[in-house]
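Sending over a structure as structure tokens; questions will come in a sec.
Please treat every number below as a calculation from the coordinates, not as lab data. The structure displayed is predicted, hence computed values, not measured ones. With ideal geometry, Cβ positions are generated from the backbone for all residues, glycine too; neighbour counts draw on all protein chains shown.
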Amino acid sequence: MAELIVDGDELVVRLSGWERAAAFHGDVAVPLSSVRELSVETRPWAVLRGIRAPGTGFPGVIAYGVRRLTGERPDFVAILRRRPVVRIELDPPAEFSRLLISVADPDETVAGLRSFARA
């Protein structure tokens, strides 16, 4: 399962080997200064937006990769099954607009990240 870690002035989504293959993407790093909002999203499939390109998806089971939106920065998702995820809204200069990431303990992860981010 993915991990969210702080490395210097960046928030890093660390993916396992199979998650990298499913996402067609390596680890994601965004500036901590770009984090606008951190929350636990209990219904990740309801807020999933955009078209998977590239990535892997099977509704209700798995969604990994870049989600492209018309006229906006894309989202990056690593959603596993129907469990709560960490939702991170990002401002520029971050490459992505939103991250939806399945982690082992979303509540604990959000609480820990709030001490590092301005959100």
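Suppose we keep just the alpha-carbon trace of the stretch 1-60; what are its Rg and Dmax in angstrom?
12.9, 35
In terms of the Cα gyration tensor, with a ≥ b ≥ c the square roots of its eigenvalues, is the stretch 68-119 rounded because a/c is under 1.5, prolate because a/b exceeds b/c, or oblate?
Because a/c hits 1.5 or more and a/b fails to exceed b/c, the stretch 68-119 counts as oblate.
What percent does the relative contact order of the chain come to when contacts are Cα pairs within less than 8 Å and at least six residues apart?
Relative contact order here is 26 percent.
Suppose we keep just the alpha-carbon trace of the chain; what are its Rg and Dmax in angstrom?
12.8, 35
How large is ³J(HN,Hα), in whole Hz, for each residue of the stretch 97-113 in order, when computed from phi with the Karplus curve 6.51 cos²θ - 1.76 cosθ + 1.60 and θ = phi - 60°, using x for Gly and Pro?
Karplus values, whole Hz, x for Gly and Pro: 8, 8, 10, 10, 10, 6, 10, 4, 9, x, 4, 5, 5, 4, 4, x, 6.
Also: Taking the Cβ of Val30 as the centre, find all other residues whose Cβ is under 9 Å away and add up their charges (Lys, Arg: +1; Asp, Glu: -1).
Working: positive: none; negative: Glu10, Glu95.
Counting the neighbours of Val30, the net charge comes to -2.
Loop-only trypsin sites (Lys or Arg not before Pro) in the stretch 43-119, please: DSSP not H, G, I, E or B, and at most 16 other Cβ atoms within 10 Å.
Arg49, Arg81, Arg82, Arg118
Something else about it: For the chain, modelled as a Gaussian network with Cα springs under 10 Å, which listed residue fluctuates most, Ser39, Ser102, Ser16?
Maximum fluctuation in the GNM of the chain, among the listed residues, is at Ser16.
Okay, moving on. Roughly how many nanometres apart are two label points built 7 Å out from the Cα toward the Cβ at Glu37 and Met1?
2.4
Note down the net charge around Ala2, summing +1 for each Lys or Arg and -1 for each Asp or Glu among other residues with Cβ under 11 Å from its Cβ.
In short, -1.
In whole Hz and in residue order, list the ³J(HN,Hα) couplings for the stretch 56-68 that follow from phi through the Karplus curve 6.51 cos²θ - 1.76 cosθ + 1.60, θ = phi - 60°; x for Gly and Pro.
Listing the rounded values in order: 10, x, 9, x, x, 10, 8, 9, 10, x, 8, 10, 8 Hz.
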